[in-house]
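Remarks on the structure that follows.
The values are calculated or read from the model by the stated rules, or taken from the named source; none is laboratory data. Being a predicted model, the structure only gives us computed values, none of them experimental. Every residue, glycine as well, gets a Cβ built from its backbone with ideal geometry; the counts of neighbours run over all protein chains shown.
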């Protein structure tokens, strides 16, 4: 029960293996991705939430392989946006030093997007770059964060915006994993809220390229409401279809010079929202709000009809997401946070705005008023 996709970034390729129960054979996948060779040593980096569950499953699977499991070390981090920080990066780097990883060593990242981002960034910077393997255990990680080769961490914006504000992924590197191993069984142990957060990225991919994804989203939520066993094939199909959208776009534009920017649909708004509400909202929840905001801005620009923008709002709400901020925010503060977005050029924002009928436009040097319109549309208090 396995599907395999390929991640292509320039001349580099890596398998993206999606299946049910495949963590038991992870040593084989690692060895194949490493050209048939075993890593000298392994450091497992996990989310604290899966340290005693899926991380232990992976560790035991590696130890069961006599050639692979000789020297394995572990470290775990608290996977929250405020903790996606230099302190967590330093903790993992210290663990790599203590494990005495050399350039034939391997980092295995187990958890959601925060863990794969931090662990991947450590792999990119330790000894100027060692191999790593991503084992995403959240839907968002499987369809977005763990694929595409982006790694990174947040930086504080306290001096610019006040305490508790973070700049999303302002430090990072393009450093693709040697393999991505996504086991759909890990999703059955997720809290409903964390599982649902991944559906926002799936909806984004549906809006951009593949409308056939969207009908799968509502049925995916029955993982928590049905008494029937989870249909792993349907789950694998959802993951594979959604991941394929991102992988195809990344293959055409690995370093985000142009087309890859489309994957940031909703994210300029989302990152500004997260800068202020990182303790209240998950990344996927911020993306869902960002999709609503982007649709409203698009309608104001004439790229999407008013009815189309309302439809996006309804589709987001149908998946169980809030379509308003958890509390009122100052548009000026969020606008200032958006000014730290990685896609800005010469101080001007780039917005990704959806179009009626599907797809999106990359709007460079976007009118700041479009950003304000989107943010006002999702404010907890209607700006009238």
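When each of 105, 120, 112 is tested for being touching a helix residue (DSSP H, G or I) at 6+ places or on another chain (Cβ under 7 Å), closer than 29 Å to residue 4 by Cβ and in the same structural domain as residue 36 (by TED's automatic domain parsing), the lone residue that passes is 112.
Being more than 28 Å from residue 169 (Cα to Cα), without any contact (Cβ under 8 Å) to a residue 60 or more places away in the chain and surrounded by 23 or more Cβ atoms within 10 Å (Cβ to Cβ), is that true of even one residue in region 279-300? Before you say what the answer is, go through the steps one by one.
If we filter region 279-300 for residues that are more than 28 Å from residue 169 (Cα to Cα), which is where we start, we get 299-300.
Those still in the list that are without any contact (Cβ under 8 Å) to a residue 60 or more places away in the chain too: 299.
Next, from what is left, pick out any that are surrounded by 23 or more Cβ atoms within 10 Å (Cβ to Cβ): 299.
Taking every residue of region 279-300 in turn, at least one turns out to be more than 28 Å from residue 169 (Cα to Cα), without any contact (Cβ under 8 Å) to a residue 60 or more places away in the chain and surrounded by 23 or more Cβ atoms within 10 Å (Cβ to Cβ).
Counting residues in region 76-93 that are farther than 30 Å from residue 156 by Cβ, at pLDDT 95 or above, touching a strand residue (DSSP E or B) at 6+ places or on another chain (Cβ under 9 Å) and not in a helix (DSSP H, G or I) gives zero.
Does region 311-334 contain any residue that is in contact (Cβ under 8 Å) with a residue 24 or more places away in the chain, under 24 Å from residue 355 (Cα atoms) and over 23 Å from the mean Cα position of the chain (by Cα)? No, because not a single residue in region 311-334 is in contact (Cβ under 8 Å) with a residue 24 or more places away in the chain, under 24 Å from residue 355 (Cα atoms) and over 23 Å from the mean Cα position of the chain (by Cα). Residue 258 falls short on exactly one of the conditions (1) touching a residue at least 24 places away in the same chain (Cβ under 8 Å); (2) within 19 Å of residue 351 (Cβ to Cβ); (3) in the same structural domain as residue 356 (by TED's automatic domain parsing); (4) surrounded by fewer than 24 Cβ atoms within 10 Å (Cβ to Cβ), and that condition is (3). Among the conditions (1) surrounded by fewer than 21 Cβ atoms within 10 Å (Cβ to Cβ); (2) assigned to a loop (DSSP other than H, G, I, E, B), the only one that residue 8 does not satisfy is (2). Going by the conditions given, is residue 72 in contact with a strand residue (DSSP E or B) (Cβ under 8 Å, 6 or more places away or on another chain) and buried (at least 21 other Cβ atoms within 10 Å of the Cβ)? Against the criterion (in contact with a strand residue (DSSP E or B) (Cβ under 8 Å, 6 or more places away or on another chain) and buried (at least 21 other Cβ atoms within 10 Å of the Cβ)), residue 72 does not qualify. Being touching a strand residue (DSSP E or B) at 6+ places or on another chain (Cβ under 6 Å) and over 12 Å from residue 142 (Cα atoms) is true for just one of 176, 191. Which residue is that? Exactly one residue qualifies, and that residue is 176.
Screening residue 233 on (1) loosely packed, with under 15 Cβ neighbours inside 10 Å; (2) in a helix (DSSP H, G or I); (3) free of Cβ contacts under 8 Å to residues at least 60 places away in the same chain shows it passes everything except condition (3). Of the candidates 23, 43, the single residue that is part of a helix (DSSP H, G or I) and either over 26 Å from residue 102 (Cα atoms) or in contact with a strand residue (DSSP E or B) (Cβ under 7 Å, 6 or more places away or on another chain) (or both) is 23.
Scanning region 307-322 for residues that are buried (at least 17 other Cβ atoms within 10 Å of the Cβ) and touching a helix residue (DSSP H, G or I) at 6+ places or on another chain (Cβ under 6 Å) gives 309, 312, 313, 316, 319, 321. All of 97, 115 fail the test of being part of a helix (DSSP H, G or I) and touching a residue at least 24 places away in the same chain (Cβ under 8 Å), apart from 115.
This table checks each residue for (1) more than 20 Å from residue 121 (Cβ to Cβ); (2) in the same structural domain as residue 102 (by TED's automatic domain parsing); (3) at pLDDT below 95.
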residue: 34; (1), (2), (3): yes, yes, yes
residue: 50; (1), (2), (3): no, yes, no
residue: 53; (1), (2), (3): yes, yes, no
residue: 59; (1), (2), (3): yes, yes, no
residue: 69; (1), (2), (3): yes, yes, yes
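Considering only residues in region 206-219 that are without any contact (Cβ under 8 Å) to a residue 40 or more places away in the chain and crowded, with 16+ Cβ neighbours inside 10 Å, the one that is nearest to residue 235 (Cα to Cα) turns out to be 216.
The sole residue among 286, 200 that is within 21 Å of residue 366 (Cβ to Cβ), in a helix (DSSP H, G or I) and in contact with a helix residue (DSSP H, G or I) (Cβ under 6 Å, 6 or more places away or on another chain) is 286. The set of residues from region 118-159 being modelled with pLDDT under 95 and either within 14 Å of residue 84 (Cβ to Cβ) or in a strand (DSSP E or B) (or both) comprises 154, 155, 156, 157.
Take residue 346 and tell me if it is modelled with pLDDT under 75 and on the phi > 0 side of the Ramachandran plot. Against the criterion (modelled with pLDDT under 75 and on the phi > 0 side of the Ramachandran plot), residue 346 qualifies. Residues that are at positive phi and part of a loop (DSSP other than H, G, I, E, B) were ranked within region 160-176; the one that is modelled with the highest pLDDT is 164. From the list 166, 175, the one residue that fits, being touching a residue at least 12 places away in the same chain (Cβ under 8 Å), more than 16 Å from the chain's Cα centre (by Cα) and buried (at least 20 other Cβ atoms within 10 Å of the Cβ), is 166.
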